[in-house]
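A quick write-up on the structure given underneath.
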Amino acid sequence: MRLTNTTGPATSIIGEAPGDGATYIVGVTVTDDAGNTFRPTQCSFRTLEALSLRTTPPGDLVVGVPWVVSFTGSGGVDPYRWSLSGPAWLTLNATSGPGVTLTGTPPDALPFACRVTFQDSVGSRPQSFDCSNKAALAPLSVNIVSSACPAEPLVFGQSFGGQLRAVGGDETYSWRVNGPSWLQSVPSGGFLALSGTPDLIQEYTYTVDVSDRSGSAPARYSCTLRVIPPGIPSFSMSLGSPSTLLEPVSVILELSAPAPIALVGDVELIFVANAFATTDNPQVQWVEPAGQRRLFTFQIPAGARSIVLGRFQLGTVAGVASITLTGLRGGGISLLPGLSAGQVTVPVLPPVLTDIAFESETPTGFTIVATGFSTPRNLTSATVTFNPRPGSQLTGSAGFTIDLTTTSRTYYQTAESLEGGSTFVLRFPVTITGNKADIASISVVFTNSVGQSTVITRDR
């Protein structure tokens, strides 16, 4: 505080109030030229508190992220006024009162000018805050829009689809996908569509990298998809019933429900003999599909409920033929262990004669050729009976019986007999005394360890 004049008849007190809201007392003493001092003059006054503006520390300014700054004003004389100078995306929530909030979301990374001004009603010196700034680009990141990484495993055959979205950066996005060949990707600006159907039952991992032209650090998204087998229907096998052991047996594989996917299986034909001098029978083999002896691979199309596996030759040796499903695969993995599916038993039977023929004809004889099989691989006897023509009478023996025990035992231990199962071809030379034309027909019957064959008669 100071006086405008220290001499003369009048003066004034001037000075700048400190703005601290305190009360001050000012005294003035007047002295004349004679040295006389007059009674001091005193006055008191109270100053107004200066305007003050406080703000919360502004957070980081990032493109696309809301920005909030709070302001509080005090001092001066209420009512207060607030004003904003800045870009259109910034706003104040009020223009009066002791406090306001500045909010806005920067749309880009360009620099901008911004100022918030605080005033009172009596013209106190205004206070302002310079909020000029430049937003930083948001870090790049990848977000799931839909189903891009399902938590539950996929069932094999089920298609996969999802969508990712890139955020941050300068929105000049480039996508790069690293994953299995079946995974298809279609970028569209900030979005990436993913789709495909897994081709194997296993775990797949794919990664997606996104970058932009601003030089922001690339963002990566990674996902592991687990593919599990579908539910496999139960299997059953039906076997045909041939009328004779020489007819093939058909095999049909049936499923309790349509195959959910294409399946590949292995089927094996096994034979265990119950006969003399062998444990197997080479005759037992697949005749359809051609070229497969005991083991072959088959396919079941997706949606099928039954397939004809094929037909196999049962053979003429007593024993048990078994059809075993040794494996089943789908989607690149094994789905089932071996499964015994069906059996056919070749019983121990009496001999079966399939043909009687004559050869080596001479004026005095011929040879009887008997063809047949004996499932236990043994023969005990053969009986031949000559039947005369009507009006003729045969002299001498009307037939004969041959013991085949030793002969058959020797034969059924040869390699030749093993290739033929239990089949046999026996020849009996016959010498005739008299007119062989008197023989109208010949009847033949064989026996083995089980019983007697059906009699076969052939005309001469």
* Accessible area (Å², per residue) of the chain, counting only protein heavy atoms and a probe of 1.4 Å -> 53 Å²
* **Whole-number Å³ per residue for the convex hull built on Cα positions in segment 305-460** => 164 Å³
* **Distance in nm between pseudo-label sites at ARG125 and PHE400 (7 Å out along the Cβ direction from Cα)** => 15.2 nm
* Structure fact -> Note: SER256 to ALA440 extended length (0.36 nm per residue) minus current alpha-carbon separation gives 60.2 nm
* Give me the number: length gained by fully extending VAL455 to VAL287, i.e. 0.36 nm times residue separation minus the C-alpha to C-alpha distance, one decimal in nm. => 57.4 nm
* Structure fact -> From DSSP H assignment alone, runs of 4+ in the chain each adding -39500 (n - 2.57), the sum over residues rounded to the nearest 500 puts [θ] at 222 nm at -500 deg cm²/dmol
* Asked: On full extension of the chain, what length is gained from GLU359 through ASP108, given 0.36 nm per residue of separation minus the C-alpha to C-alpha distance?
  -> 79.4 nm
* To do: Determine, from the Cβ-Cβ distance of THR433 and ARG409 and an R0 of 30 Å, the FRET efficiency 1/(1 + (r/R0)^6), rounded to the nearest 0.05.
  => 0.35
* Quick one: check the C-alpha center-to-center distance for segment 210-289 versus segment 299-318, whole angstrom. => 12 Å
* To do: Can you figure out the FRET efficiency of THR297 with ILE228, using R₀ = 25 Å and their beta-carbon distance, to the nearest 0.05?
  => 0.55
* Rounded to the nearest 0.05, what FRET efficiency is calculated for GLU419 and SER214 with R0 set to 51 Å and r the Cβ-Cβ distance? -> 0.05
* Would you mind computing, in nm to one decimal, how far apart the modelled labels at GLU49 and THR371 are, each placed 7 Å from Cα along Cα→Cβ? => 12.8 nm
* Rough spin-label spacing in nm, given labels placed 7 Å along Cα→Cβ, for GLN393 and ASN36 -> 21.0 nm
* Structure fact -> Check: C-alpha center segment 362-392 vs C-alpha center segment 112-127, spacing in Å is 135 Å
* Share of carbon and sulfur in the accessible heavy-atom surface of the chain [1.4 Å probe, %] -> 52 percent
* Structure fact -> Answer in debye to the nearest 20: the dipole magnitude of the chain about its Cα centre, from +1 Lys/Arg and -1 Asp/Glu charges placed on Cβ, is 420 debye
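The values are calculated or read from the model by the stated rules, or taken from the named source; none is laboratory data. All values derive from a computational prediction rather than experimental measurement. Neighbour counts run over all protein chains shown; Cβ positions are idealised from the backbone, glycine included. Side chains are part of the model used for accessible areas, which takes the heavy atoms of the whole protein and leaves out ligands, DNA and RNA. Shrake-Rupley method; radii C 1.70, N 1.55, O 1.52, S 1.80 Å.
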